Amino acid sequence: MEMRKVFNWQLKRRVSYVYPQSRPKKQWAMIFDLNKCIACQTCSLACKTTWTSGKGQEYMFWNNVETKPYGGYPVAWDLGILSKLKAQEWRGDKYFGKTLFEAAEKDEKILQHISEDEDWAYPNIGEDEISGMVNRGDWIATLPHRIWMFYLPRTCAHCTYPACLAACPRKAIYKRPEDGIVLIDQSRCRGYRECVRSCPYKKSMFNVETRISEKCVGCYPKIEQGEMPQCVTNCIGKIRLTGFVSTPDNSRKDNPVDYLIHEKKLALPLYPQFGLEPNIYFIPPIHVPISFQEQMFGPGVGKAVETYKNIRDDQTLKGLLVLFGSFEKILHSFKVDKEHAYGFDEKGREIISVPVTEPIYVRDVFDKNLKAYRLNTP
Ligand code: SF4
Ligand code: SF4
């Protein structure tokens with residue numbers, strides 16, 4: 001299969017892809033702070049009630065939340081493709097191993113792991129399972145924890161080099177030039193399922209009723225109104241932020257997404273070695289061993305964890321994380337002063353301000369005016 005060369009900044013090198021390089025004017029991106037996710041699944045339900053409540057979509061979760069190390073939807077989606085990809089070598093922050101396009105068999109476009117029907121039937125397998133046995137008398141006193149688990153929310157990453165788009169023989173999948181959202185043209189799709197087989201994140205899904213493929217649409221009608229997607233605005237843990245990510249050479253310090261990804265290198269892509277340049281970025285959990293996380297988030301994970309642990313001393317970063325989940329509109333820029341974090345729209349108008357530290361008021365036990373005690377009620 002003849003391949004083109006495109007630049008992948010997450011791997012710091014040129015990589016193989018089916019089509020020539022073409023970046024959108026703006027690239028949709030999301031950031032998830034994994035230290036705050038509580039697996040309440042509100043995001044999954046917000047998505048489901050908005051987009052996938054129809055026939056044939058019963059087992060379709062465009063947004064899912066799985067528990068690592070044992071969870072996965074579909075079952076073992078990542079283990080399947082990782083074991084096929086074999087050695088994944090990084091030297092410093094440059095990737096020297098093969099990407100999925102480079103490891104493709106002769107006459108194939110991409111290395112594939114195929115999930116069977118049964119793998120799609122257990123969306124919450126492994127949920128809340130911890131990494132090992134807890135000994136009697138164990139307690140948590142150190143970071144990372146000896147026994148651990150963490151929640152991994154996932155949606156389509158609207159990749160810069162999408163495998164689904166590359167694989168489609170009908171050219172039914174396209175990446176919007178205005179915001180980088182990847183969509184399946186439902187009228188062109190004939191349900192060949194090449195996208196389902198090829199997406200390594202398993203975020204293109206087949207509808208058995210309509211006999212065509214469907215995937216996360218990035219809540220594009222909301223994005224067009226300058227609003228964040230349903231999974232973001234409904235997130236109980238306020239772990240999510242949507243914005244537009246620049247390439248590293250065009251990074252803007254006042255762009256919240258650029259700041260976390262490029263300036264602080266706190267938010268990292270999931271399995272960047274696949275070579276798709278995915279546009280969902282994860283702030284790694286600080287209680288999970290680095291050795292486990294490096295394969296998922298790349299070599300920058302140790303530094304990111306240290307940055308997060310020292311966040312108390314970083315007013316800008318603290319302020320920016322407080323802006324997560326504070327507002328429905330997309331923030332194009334931000335600033336933080338001694339007391340407040342501010343978000344601005346595309347025209348630079350202030351649209352939100354929040355205190356970096358929530359004020360705490362402690363009431364007297366005895367209210368002198370009412371001559372009454374204020375006791376906690378049982
Ligand atoms: S709504 Fe937020 S906190 Fe709840 S599971 Fe989804 S990402 Fe995690
Ligand atoms: S995550 Fe999968 S479905 Fe989404 S754009 Fe990337 S390759 Fe396509």
Just to check your reading of the model, which residue among Glu129, Glu118 is closer than 24 Å to Thr67 by Cβ and in a loop (DSSP other than H, G, I, E, B)?
Glu129
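Given the residues Ala104, Ala39, which is the only one that is assigned to a loop (DSSP other than H, G, I, E, B), within 20 Å of Cys168 (Cβ to Cβ), at pLDDT 95 or above and of a type in the set (Gly, Ala, Ser)?
Ala104
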Cβ-Cβ distance below 6 Å, separation of 6 or more or different chains: which pairs start in region 29-41 with a residue that is touching a residue at least 40 places away in the same chain (Cβ under 8 Å) and end on one that is surrounded by fewer than 18 Cβ atoms within 10 Å (Cβ to Cβ)?
Cys40/Ile236
For region 249-275, enumerate the residues that are closer than 14 Å to Ala29 by Cα and not in a helix (DSSP H, G or I).
Ser251, Asn255, Ala267, Leu268, Pro269, Leu270
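Select, from Lys26, Lys94, the only residue that is in contact with a Phe, Trp or Tyr (Cβ under 6 Å, 6 or more places away or on another chain) and in contact (Cβ under 8 Å) with a residue 60 or more places away in the chain.
Lys26
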Among the residues of region 231-244, how many are touching a Phe, Trp or Tyr at 6+ places or on another chain (Cβ under 8 Å) and either within 22 Å of Gln41 (Cβ to Cβ) or aliphatic (A, V, I, L, M) (or both)?
5
Restricting region 124-180 to residues that are at positive phi and either of a type in the set (Phe, Trp, Tyr) or in contact (Cβ under 8 Å) with a residue 40 or more places away in the chain (or both), which is farthest from ligand 1 (Cβ to nearest atom)?
Gly180
In region 181-190, which residue that is crowded, with 16+ Cβ neighbours inside 10 Å and either part of a loop (DSSP other than H, G, I, E, B) or free of Cβ contacts under 8 Å to residues at least 24 places away in the same chain (or both) is nearest to ligand 2 (Cβ to nearest atom)?
Ile181
Quick check on this structure: which one of Phe150, Phe206 is under 22 Å from Asp33 (Cα atoms) and either touching a strand residue (DSSP E or B) at 6+ places or on another chain (Cβ under 9 Å) or of a type in the set (A, V, I, L, M, F, W, C) (or both)?
Phe150
Counting only residues in region 10-25 that are away from ligand 2 (no atom under 16 Å from the Cβ) and surrounded by 14 or more Cβ atoms within 10 Å (Cβ to Cβ), the one farthest from Ile236 (Cα to Cα) is identified as Arg13
Count - residues of region 166-180 that are of a type outside the set (Gly, Ala, Ser) and over 13 Å from Ser22 (Cα atoms):
5
Taking region 321-378 and the residues there that are over 26 Å from the mean Cα position of the chain (by Cα) and of a type in the set (Lys, Arg), the one that is surrounded by the most Cβ atoms within 10 Å (Cβ to Cβ) would be Arg374
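The values are calculated or read from the model by the stated rules, or taken from the named source; none is laboratory data. Everything numeric here is computed off the predicted structure, so don't read it as measured data. Neighbour counts run over all protein chains shown; Cβ positions are idealised from the backbone, glycine included.
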